[in-house]
């Protein structure tokens, strides 16, 4: 009986304390959202990054200006430490504006909109003119074989599926055409490749992005460009009428030697467990067209906002909160790899990393790369997010820059904003500041800060112990 | 024992049948979403309504063109019946473009952006020039009293709260300034009113909307205009420096006699219970500035798409599905009232009504006005929507046009899209087709059709019986 009473008292106390904690958490989340929505800084920072700096491709002057600017802004926040982490990055330049047209026998030239893919080699100085073979994907090359492909321009035209609710899934189903399409077509002797832009929207804006020649020797590399969806549909229609039409394009991008750049890092030291590190980040580089406002200016300023919100809200974290603005996500991931490499060398203990790299849209939740027990702990926080309409807590990938931190115990997560509009802007000239809604951006920052607040408060120690016991 | 076995068999059968139903439902929802995303018509319809017709204020030629167009399009769908329901609506015209400026003693004039509120009287022909008293809401008028107010322009400048997650809540906290501000200020002898636009965005676009003079005699009515948020902040700053500045505005809107217009209605007759009616609708009228693409062109084309999706998917409803395109939501609600009046007169049995009137953004779920037991039945369908990221099923208001159907047994619901951007466009020149994302619009239509599919299949009879038993 006595035992039972003791147990009851203990259970009651635990319950009261859990309830008080939960109330305190609710209040702190509300404080975080209020500060983000009423006195947020993320939108002003994004204005500067987009409109005063602009596109920030790795190795460019603008990338360096973004490093300087964000470092200075982090220093203004009065963090415990702000530093630059050197990293060598690829340097590729677009050169003159690309030029392309379709020409039928004796017919007029019809200009179409293209953009060189990042990393592509140039066409010959006089441009490249050839017949076109339209395919729906790399897997069709084998069917046609060298005889049909040699000397031609391969036109990859598989569209993103519109029926998939998660647009990133639709992107994932097509991106091989852009990334490996040139390398694969070159094996069959193709003269060049043209890739349908990766967007659901039918418009005039081509979308660039990274590509790789893999192991292909330099003299075998062929020029690769994205064509706007509207012109992809046009070209496809023209090919049905005139399979013998010529496609002409001219572009002179260049690959240079690697140059030095930096990850920008700032941190608030943990008051109780400074050696346990929580990372929040986005990537500072962007493509050269547009201003990289959604990709990934949004993630950068939201991550900066997270540490600012901690300071403003007077929340002293127990663990170390580190904001990392990664360099070179778009065409190399050198920043992400370097960060993980240094962390490993210094035997740093990262308990959690969160990346925002899916646009500055209304936050829906998080995709979480963790062990089941860690995931369940995170799931238990879900009710705290209900007032903010944040409802998506699912297992899945996190973010490219933080993925090198994966080691089986560090919990990784990616912010998942509404994804419907993302590919309207992604890697295109339309990815500009005006395409970002202030409230949506701020809600994302507050949602990230709230998640980090809970991770910092509760950690994953209990789960680690449990795992140890299981050994 | 025999009884127990029978019971088990019954339970097992029920379980198998429930599971089969649920699988069938999943497949049908997937079919609906596929059709909406792959072969949707809503976006094309909205293009026409927005770009070929445009703003559709009640009583205007454009409103009639919208009636003709949507009736013809519904007829093309091969519904069982399409008809027009006559309704008398108010007619108000904006007249010449409004003109307004701020002038300090001996200083220059600074033009500001205003729009007459819908229903406002004109200024005198030569315009209205007066001193300005800035207030944060109607409740402050009493504090100032007639002495401070008489002959002045009352400037209502309470902004929408940015900290509220549901932007409609922020709107609800300010809309009294626009709707009743003039009537209340006139009681204290004010010469006119200027109301801060109801949007979170700080820009140059004034947002109009309905206002009422209540019981105020015609000769006491004073002109009322919305001022853009940027100019509201400017005027407020100027007033701090120069409390004696003059505000001048000139506008010549006119109120006419009521004219005849129409609700546009189409239906698919129910195969088993044709007398049980399910309504889905939006409102056909819009303000005269912009194209009314979000408000409520989106709701109109989504509602039309619901019946089209039923036809395309080959789903023959058990109950009658009726699409109703209401006239005059913006400044009178005459269409909604007329529809309910005729339904009552004809003793029609409406079991459910759904309205989409919150913009064509990514659907988050539904706000439901129902008895607890009805609500719980709807909640049980929530898992079916999870693949579509539709998660919000909460009790609350439905839609203005369907609210006159409220009778304690009809279930009412409103589509709840993401609301963060809605007031960027609401009632302003920016509410145009290009502000609507095709996928977001289509997802909304599919979400509505899915909800209607479930209501048609399961109805609320069991609950009605339960309520009868309780009597």
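Any read-out appearing in this document is the output of simple, stated calculations on the displayed coordinates, not a laboratory observation. Please read all numbers here as calculations on a predicted model, not as lab measurements. No Cβ is skipped: glycine too gets one built from the backbone with ideal geometry, and neighbour counts run over all protein chains shown.
For residue A:462, the label point sits 7 Å beyond Cα toward Cβ; its separations from the matching points on the remaining copies run 3.8 nm, from shortest to longest. Contact order, relative form, for region A:258-398: 30 percent (alpha carbon pairs under 8 Å, 6 or more residues apart, mean separation divided by residue count). Just check the protein assembly as shown against the gyration tensor rule for me: Cα atoms, a ≥ b ≥ c as the square roots of the eigenvalues, rounded for a/c under 1.5, and otherwise prolate or oblate depending on whether a/b exceeds b/c. Note, shape of the protein assembly as shown comes out rounded. You can think of it this way: the chain between residue A:461 and residue A:52 has 142.9 nm of extra reach, that is 0.36 nm per residue less the Cα-Cα gap.
Shown for residue A:76: label points 7 Å from Cα along the beta-carbon vector, and their distances to the equivalent points in the other copies, 5.4 nm in ascending order. The long axis of helix B:438-458 is offset from the longest Cα principal axis of chain B by roughly 50 degrees. Helices in chain B, meaning DSSP H runs of at least 4 residues, each add -39500 (n - 2.57). Divided by all residues, the mean residue ellipticity at 222 nm is -11500 deg cm²/dmol.
If I take every Cα pair under 8 Å that is 6 or more residues apart in chain A, average their sequence separation and divide by the length, what percent do I get for the relative contact order? Relative contact order, chain A: 21 percent.
Against the main long axis of the alpha-carbon atoms of chain B, helix B:2-39 sits at an angle near 50°. Seen against the Cα atoms of chain A and their longest principal axis, helix A:61-76 is set at about 10 degrees. Shape class of chain A from the alpha-carbon gyration tensor: prolate, with a/c at 1.5 or above and a/b greater than b/c.
On the rotation that sends chain A to chain B, the chain A Cβ lying closest to the axis gives residue and distance in whole Å as A:391, 2. For region A:99-254, what class follows from the C-alpha gyration tensor (a ≥ b ≥ c being the square roots of its eigenvalues): rounded when a/c is under 1.5, otherwise prolate if a/b is larger than b/c, else oblate? It is rounded, given that a/c, with a ≥ b ≥ c, falls under 1.5. Annotation for residue A:108, label-to-label distances across the other copies: 4.7 nm (shortest first, one decimal, point 7 Å from Cα along Cα→Cβ).
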